[in-house]
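The values are calculated or read from the model by the stated rules, or taken from the named source; none is laboratory data. Predicted model only: the values in this text are computed from it and were never measured. Neighbour counts are summed over all protein chains in view; Cβ atoms, including those assigned to glycine, are modelled from backbone coordinates with ideal geometry.
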Amino acid sequence: MKVVTKVQELPSACAFVPTMGALHAGHASLFTLAKSYSENVVASIFVNPLQFESARDLALYPRTPEVDIEIAEAAGVTHLWLPNFHDIYPEGFTTLSAGPIGDIYEGASRPGHFDGVVTVVRRFFDLLKPKYAIFGEKDFQQLFLIKTIAAGVEIVTAPTFREPDGMAASSRNARLTPEGRVAAAVIFSALNGASSEDQLRQMLATEPLFQLDYADFIDEVDFTHAHGGTQNVRAIVAGWINGVRLIDNMRMELRA
Ligand code: PAF
């Protein structure tokens, strides 16, 4: 695996997996999927300041460079891209807007977050010109918004990588207490067991450590609230345990 900072040293027409580091088994599953699309798998690690709501959150974001290199190499990444801030954001760069869907659900709790995400992802695409880019379904709203700015790049959706108890893999899970980690399984069991929004919220409410932000059924085609005739219903959930924000989602007719 080559580790590079300059985009000129990378193969375009590759399968690309952008990350912010703190890699775990969920990222490894994205790299493995990328390998089935191209022999050149480029992963980036760039902690994007534009998508953090506060300087404190940015400073607290975990950075584990040695482990990241091991995980990327073991999962078949051929090129690890560690861009410099000024290569991504040269003087006078333009910020993109994620539009109105960037302001609801995750965007309502994290103002400006999705503008930062679409800006950096479009910038990566313009610099690298990958053929494919792989994104996990766990960040479903992010995936939805990236598809709106992806012109010229084929977006590949990877299924959510889950722990044995169903919990979606995330670098934030490591910040939960052992008790909080056990409690967090309520999210998967509620998504898996509920057949209405009311039921979903009731099931989540059985776990006293879980503090709900939202639990809604949406139309996954346009992110509007689902109604009786909606064909493609997805349940989306966000909340906190031990002050750690956790999100998950599930297509309703595809539940495990
Ligand atoms: O999902 C992430 O890790 C980030 O939002 C992304 C897509 C790498 C952009 O910084």
Subject >> strands (runs of 3 or more DSSP E) wholly inside the stretch 1-115 containing at least 2 residues that are more than 16 Å from the ligand (Cβ to nearest atom) >> reply: 2-4
**OP:** Say whether the condition of being within 16 Å of the ligand (Cβ to nearest atom), modelled with pLDDT of 95 or more and farther than 30 Å from Gln8 by Cβ is met by at least one residue in the stretch 131-139.
**Re:** yes
Subject >> Residue match in the stretch 142-149 (condition: outside any helix (DSSP H, G or I) and among the hydrophobic types (A, V, I, L, M, F, W, C)) >> reply: yes
Original post:
When Lys35 is evaluated against the numbered criteria (1) farther than 21 Å from Phe140 by Cα; (2) within 14 Å of the chain's Cα centre (by Cα); (3) of a type in the set (D, E, K, R), which criterion, by number, is the only one it fails?
Top reply: (2)
